[in-house]
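Student: Mind having a look at this structure? Questions to follow.
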Amino acid sequence: MMTYPPNAPWNPYNPFMPPPAPVTSEEGPTQQPQRGLWPGRYTKITGIVIIAITAVAILAAALGPFLAMQVSPMTVPSGWQKVYDSNLQNTSDWTGDGGCNSTSSGLDVNGISGSADVCTYAANSNNVLTGNGFQLNLSLAPESKLQSPLAPVVQVTDSAGDGFYVAFDDTGNYILCPDANADCSTLGTAGIRDSTVAWHTDGYVANTLAIRYIPNQNTGSVLTLFVNGQEVTSHLVSADLSSGFSIAIGANGDSEALYTSATLYMSNN
Amino acid sequence: MGQLTQPPAAPATPPAVAASNAQPPAVPAVRPSTVPAAPGYPAYPQGMAYPAYPGGVSPYQAYNPYAAYMPYGVYPYANPWAVYYPMVVVPRRAPGETYALTVSWIVTIAGGLSIACGLLISILTFISILRGSNSLTSVDTFISFLIGPVVGGAFAIYYGIRGIQRKPSPRFALPNPLLFLGLTALVYIAAIAVWHLSTGPGSAFASLPLVVLSAALPSLTILSFATWRLHNPTSRRHVWMSFIYGSTLAILIALILNTIGEIVVLIFEISLEPRTVPSVNPSSPDNIQIIGALLLLSVVAPLVEEGVKPLGTVLSLWRLRSPASAFLMGLAAGCGFGIFESVSIYIGQGQADWVVVALERVGSSLLHGLGAGMGALGWYYLFRGKGVRLRWWRGFGCLAYALFQHGLFNGMALVTSLPGPVSTWLQQPVYIAQLPLYRASFLFFIFYAAILTVLVIVTGRLARTPRSPETAPPPASVPSAPSYPAATPVGSGAR
């Protein structure tokens, strides 16, 4: 049986060797200049599909805020009342060390090298019964008004360091650590490390934070974090905040946070 | 339709053939209408219909087992005497066909690998999303690896198989660029409006389609614009494969090489200024750190990215027929690269302010697209530009332009972020209603306008460039082949 190799040279004198196939081309004949919005069926279908996708995308983005829980900073559970409200300008309600500066712009906290620094709520501290539940609403100045990167911290701890904390950075990454004694910044530890779409990363746009703690003896207390009025995460915490706990706000290490307002709601029960 | 009474004149008939059958029987010559006659060469009988034997009895019934070797109608030049000789005739491939087949196989296999890798990363990201993450960076990564490597890989397999089958591909065409331009404007207006109307965007998944479109529509505008300007110079398979290459494999290679480049630059910095912690303080970098960053952004990154993006086109250079084809393929790769880079790396980092990042990067596909197009054009002139005036100048000039453009852009980005009075001024905001944009963004808008001008000039010149005549005929090394048409148009069903 004879088999000719596919790429053997063409021999015109050998009547048994087939001639080579025509050279195929990827390209068709030169087209006439195109006119109109979508010349041809293919371009018409492409155009209609892209228009439809665009319409759906705009609709989804417009409805997006309604698909996630949006909470007004003024909204608190029923029965809670406002116990503190301040623009934090030249205030003495929050005390701390050298990193805690009360300015005409608000409460400016600078984290010391490598570790966070906080200012503790001192006004009417005897009335602060965190164990009954509370909500703290905070407003932050835009990063462009700071000397260092923005990285706010909120912590609720007692003298032994038990409690929890929440920390953000300027890209929207956050840590919710249910045990303030633990290093929740590393993988494999308790807590939540994530980032949120609700955070404004632009240096000229301000952010708001809200932390709500609702105690529940049966199922565990619930800590909920809100950013810019949008619920970010909710976590069960085991810490019992019944007595001796204080609220503090500050900034992470090598970072800064300028708080321009703070509002505290507490439960009467 | 005539009948041949004897075979074509054969001065050197093979002895074995001559000994057994010097004169084959007369058979009718039936030429398929799709195959043009070969001038100067006698038409072979095509075996479409043999005349009935007298009395309806074939004298060759004993040869029935060989009927399987007679797929008449499939091979238009089938040997009419196969019925007498147990010979398998493998149709010869046209010049360049083996190369095209090899590329098609590579594309098919790479498509499969792309799907596997994309699925792996998508699943890992999706696990994070299932755990409740509502981050635009996570969702962006998920969708980027789902659309880019997975969907792109599926398209690669489809086009690869079509290429293996040597199926023709129609000319690449897109709707009018004005349609894409209008949709781009609509998307950005909608995104800015949504930003103003809500303090938080809600679900990241809800924002995602608009995020993807904010990167994809400007790219498609540029691709469509170039396609229209160049009068659709190449095939759909070429352009989409190049686009997918740019958004998948090119990104992966660039990522690896850029990382290696970073390590090299870091070693260079440490060798000049030994330090224990290899970190840069962004608020007060020293001179060596600035030089290192400049080296990385303006030399290493352009070399890597402008070197990688046109590689898909370089692989297909020998199948292209004009510099415009090479340019469009390169541009498509750059657009794919730009979309993937913007969506997966940059825009998501803006989180609630993603529209600000998207606005600042609205011309990134223009930068990547024109750079890759010029790179591909340069390689075309270097490899295929025989006879073109100033071939080497054009080739190296195009490559140098691509590097210069990218280096200048990255250098500008670095200079505007360095501490100092100029950057302080450039970092001041300009508001669109309440949406802040940095003054530096307008510097980049001017740069984009300059790139667009270059694109208009280049596409204008390429549109007037005739197709390279030397690409059409088969190579001269094939002796005395019959004069077949140089290239069969798409749709002819050529094998």
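Student: Go through the range B:110-142 and give me each residue that's among the hydroxyl-bearing types (Ser, Thr, Tyr) and away from every other protein chain (no Cβ under 11 Å). Break it down into steps so the answer makes sense when it comes.
Tutor: Looking only at the range B:110-142, we keep the residues that are among the hydroxyl-bearing types (Ser, Thr, Tyr), and these are B:114, B:122, B:125, B:128, B:133, B:135, B:137-138, B:141.
Once the filter is applied, which keeps residues that are among the hydroxyl-bearing types (Ser, Thr, Tyr) and away from every other protein chain (no Cβ under 11 Å), the range B:110-142 yields B:Ser114, B:Ser122, B:Thr125, B:Thr141.
Student: Okay, moving on. Out of all the residues in the range B:154-163, which are crowded, with 20+ Cβ neighbours inside 10 Å and within 14 Å of chain A (Cβ to nearest Cβ)?
Tutor: The answer is B:Tyr159, B:Gly160, B:Gly163.
Student: So how many residues does the range A:148-182 have that are part of a strand (DSSP E or B) and of a type outside the set (Gly, Ala, Ser)?
Tutor: 16
Student: Right, next: Tell me the residue from A:Asn87, A:Asn124, A:Asn101 that is closer than 26 Å to A:Asn268 by Cβ and either within 26 Å of the chain's Cα centre (by Cα) or at pLDDT 85 or above (or both), please.
Tutor: After applying the criteria, what remains is A:Asn87.
Student: Follow-up question, since we're still on this one. Output yes when any residue across the range B:143-153 is within 14 Å of chain A (Cβ to nearest Cβ), closer than 23 Å to B:Ser247 by Cα and touching a residue at least 24 places away in the same chain (Cβ under 8 Å), and no when none is.
Tutor: Initially, the range B:143-153 is screened for residues within 14 Å of chain A (Cβ to nearest Cβ), giving B:143, B:147, B:151.
Retained after the next criterion (residues that are closer than 23 Å to B:Ser247 by Cα): B:143, B:147, B:151.
Pick out the ones that are also touching a residue at least 24 places away in the same chain (Cβ under 8 Å) and you get B:143, B:147.
Scanning the range B:143-153, I find at least one residue that is within 14 Å of chain A (Cβ to nearest Cβ), closer than 23 Å to B:Ser247 by Cα and touching a residue at least 24 places away in the same chain (Cβ under 8 Å), so the answer is yes.
Student: So which residues in the range A:104-121 are under 27 Å from the mean Cα position of the chain (by Cα) and of a type in the set (Ser, Thr, Tyr), if there are any at all?
Tutor: Those that are under 27 Å from the mean Cα position of the chain (by Cα) and of a type in the set (Ser, Thr, Tyr): A:Ser105, A:Ser113, A:Ser115, A:Thr120, A:Tyr121.
Student: Given the conditions (1) under 26 Å from B:Val458 (Cβ atoms); (2) of a type outside the set (D, E, K, R); (3) in contact with a helix residue (DSSP H, G or I) (Cβ under 7 Å, 6 or more places away or on another chain); (4) surrounded by 21 or more Cβ atoms within 10 Å (Cβ to Cβ), and given that B:Ser235 satisfies all but one, which numbered condition is not satisfied?
Tutor: That leaves (3) as the condition not met.
Student: Also: Go through the range A:193-231 residue by residue and tally those that are charged (D, E, K, R) and closer than 20 Å to B:Ile347 by Cα.
Tutor: Of the residues in the range A:193-231, 2 are charged (D, E, K, R) and closer than 20 Å to B:Ile347 by Cα.
Student: Name the helices (runs of 4 or more DSSP H) wholly inside the range B:306-371 in which the number of residues that are surrounded by 24 or more Cβ atoms within 10 Å (Cβ to Cβ) and of a type in the set (Val, Ile, Thr) is 3 or more.
Tutor: So the answer is none; nothing clears 3.
Student: Let me ask you something else. Which of the residues spanning the range A:17-52 are hydroxyl-bearing (Ser, Thr, Tyr), buried (at least 19 other Cβ atoms within 10 Å of the Cβ) and modelled with pLDDT under 55? Give the steps one after another, and end with the answer.
Tutor: Within the range A:17-52, the first condition is being hydroxyl-bearing (Ser, Thr, Tyr), and the residues that meet it are A:24-25, A:30, A:42-43, A:46.
Still in the list and also buried (at least 19 other Cβ atoms within 10 Å of the Cβ): A:24-25, A:43.
Passing the criteria: A:Thr24, A:Ser25.
Student: Where residues in the range B:419-439 are in a loop (DSSP other than H, G, I, E, B) and away from chain A (no Cβ under 12 Å), which of them is surrounded by the fewest Cβ atoms within 10 Å (Cβ to Cβ)?
Tutor: Checked the range B:419-439; the qualifying residue surrounded by the fewest Cβ atoms within 10 Å (Cβ to Cβ) is B:Ala433.
Student: Same structure again: Counting just the residues of the range B:174-201 that are closer than 24 Å to B:Gly363 by Cβ and among the small types (Gly, Ala, Ser), which one comes out farthest from the chain's Cα centre (by Cα)?
Tutor: B:Ala193
Student: Separate question: Within the range A:207-222, how many residues turn out to be over 13 Å from A:Asp240 (Cβ atoms) and buried (at least 16 other Cβ atoms within 10 Å of the Cβ)? Step through it out loud before you land on a result.
Tutor: Initially, the range A:207-222 is screened for residues over 13 Å from A:Asp240 (Cβ atoms), giving A:207-212, A:214, A:218-219, A:222.
Filter again for buried (at least 16 other Cβ atoms within 10 Å of the Cβ), leaving A:207-212, A:214.
Total meeting the criteria: 7.
Student: With the requirement that a residue be buried (at least 23 other Cβ atoms within 10 Å of the Cβ), part of a helix (DSSP H, G or I) and either of a type in the set (A, V, I, L, M) or modelled with pLDDT under 90 (or both), what does the range B:164-187 give you?
Tutor: Residues satisfying the conditions are B:Leu183, B:Val187.
Student: Which helices (runs of 4 or more DSSP H) does the range B:188-282 wholly contain that include 3 or more residues that are facing another protein chain (nearest Cβ under 10 Å) and closer than 21 Å to B:Gln349 by Cα?
Tutor: B:204-229
Student: Please find, within the range B:94-109, the residue that is nearest to the other protein chains (Cβ to nearest Cβ) out of those that are crowded, with 18+ Cβ neighbours inside 10 Å and among the aliphatic types (A, V, I, L, M).
Tutor: Here the answer is B:Ala94.
For every residue, the table says whether it meets (1) of a type in the set (Gly, Ala, Ser); (2) in contact with a Pro (Cβ under 9 Å, 6 or more places away or on another chain).
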position	(1), (2)
A:Val166	no, yes
A:Asp169	no, yes
A:Pro178	no, no
A:Gly191	yes, yes
A:Ala210	yes, yes
A:Ser221	yes, yes
A:Thr224	no, no
A:Ala251	yes, yes
A:Tyr259	no, yes
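Residues checked against (1) more than 22 Å from A:Phe66 (Cα to Cα); (2) part of a loop (DSSP other than H, G, I, E, B):
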site: A:Leu209; (1), (2): no, no
site: A:Asn218; (1), (2): yes, yes
site: A:Leu225; (1), (2): no, no
site: A:Val232; (1), (2): no, no
site: A:Ile247; (1), (2): yes, no
site: A:Ala257; (1), (2): yes, no
site: A:Thr263; (1), (2): yes, no
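Student: Continuing with the same structure: How many residues does the range B:438-495 contain that are of a type in the set (S, T, N, Q) and at pLDDT 50 or above?
Tutor: Quick first cut of the range B:438-495, residues of a type in the set (S, T, N, Q) only: B:441, B:453, B:459, B:465, B:468, B:471, B:477, B:480, B:483, B:488, B:492.
Pick out the ones that are also at pLDDT 50 or above and you get B:441, B:453, B:459, B:465, B:468.
Within the range B:438-495, residues that are of a type in the set (S, T, N, Q) and at pLDDT 50 or above number 5.
Student: For A:Phe66, work out the one condition from (1) surrounded by 13 or more Cβ atoms within 10 Å (Cβ to Cβ); (2) in a helix (DSSP H, G or I) it doesn't fulfil.
Tutor: Result: A:Phe66 fails condition (1) only.
Per-residue answers, yes or no, for (1) more than 30 Å from A:Gly203 (Cβ to Cβ); (2) touching a strand residue (DSSP E or B) at 6+ places or on another chain (Cβ under 7 Å):
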{"residue": "B:Ser325", "(1), (2)": "yes, no"}
{"residue": "B:Ala333", "(1), (2)": "yes, no"}
{"residue": "B:Asp353", "(1), (2)": "no, yes"}
{"residue": "B:Val357", "(1), (2)": "no, no"}
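The values are calculated or read from the model by the stated rules, or taken from the named source; none is laboratory data. Since we're looking at a predicted model, the values are computed, not measured. Here Cβ is always computed from backbone atoms with ideal geometry, including for glycine, and neighbour counts include all displayed protein chains.
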